Amino acid sequence: MNEMKKELIAPCGMNCRLCIGYQREKNKCAGCRNEIDIRYITKGCVSCIIKNCHVIKENKSGFCFECDKMPCRRLKQLDKRYKTKYHMSILENLHYIKENGIEKFIDNEESRWACPKCGNIVSVHRTECQKCGIIFS
């Protein structure tokens, strides 16, 4: 199912629903906020500096935008990598969530990342739809 969920929006602003780790069948990741099913907790999640930040764990929203140091060095590095390699900004995602709310962000993501051919949610990490194979840019 293509349903986006607020539980799949990571503290850094990454939409885990768009991650190839979440979408793949083998060695599947359940998302950065998964705390329940340890079978799907990846090494990246366990060691993630952002996810494990004490400020995020203590703030109301659970997102980086509540931190006085936003954007921290790690968040800037991650954003630069995602903008360069995947044409997506996690900092823009965070600003959007802060200004418009998580529900509006999720609604926007649903249409923004849908394959134009089959409607499947595509991965930010791939240039083709995992379901129908259409190539997009």
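The values are calculated or read from the model by the stated rules, or taken from the named source; none is laboratory data. Computed from a predicted model, the values in this text were never measured in an experiment. No Cβ is skipped: glycine too gets one built from the backbone with ideal geometry, and neighbour counts run over all protein chains shown.
Overview of results
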| item | result |
| --- | --- |
| Selection status of Thr84, modelled with pLDDT under 80 and either surrounded by fewer than 15 Cβ atoms within 10 Å (Cβ to Cβ) or under 14 Å from Ala10 (Cβ atoms) (or both) | no |
| Considering residues of the range 47-66 that are more than 16 Å from Met14 (Cβ to Cβ) and not acidic (Asp, Glu) only, the residue modelled with the lowest pLDDT | Lys57 |
| First in the range 98-113 and under 22 Å from Ile135 (Cα atoms), second anywhere and part of a loop (DSSP other than H, G, I, E, B), Cβ under 6 Å, 6 or more apart | Glu109/Met4; Glu110/Met4; Trp113/Val122 |
| Single match in Ile97, Ile106 (criterion: assigned to a helix (DSSP H, G or I), aliphatic (A, V, I, L, M) and over 21 Å from Gly21 (Cα atoms)) | Ile97 |
| Pairs with Cβ under 6 Å, 6+ apart, first in the range 19-31 and assigned to a helix (DSSP H, G or I), second crowded, with 18+ Cβ neighbours inside 10 Å and not small (Gly, Ala, Ser) | Gly21/Cys29; Tyr22/Cys16; Tyr22/Cys29 |
| Scope the range 45-69; condition out of contact with any Asp or Glu (no Cβ under 6 Å at 6 or more places or on another chain), without any contact (Cβ under 8 Å) to a residue 40 or more places away in the chain, within 18 Å of Ile102 (Cα to Cα) and assigned to a loop (DSSP other than H, G, I, E, B); matching residues | Lys60, Ser61, Cys67 |
| Glu92 part of a helix (DSSP H, G or I), farther than 20 Å from Glu7 by Cβ and within 13 Å of the chain's Cα centre (by Cα) | yes |
| Residue check for Lys60: surrounded by fewer than 14 Cβ atoms within 10 Å (Cβ to Cβ), of a type outside the set (S, T, N, Q) and more than 16 Å from Arg33 (Cβ to Cβ) | no |
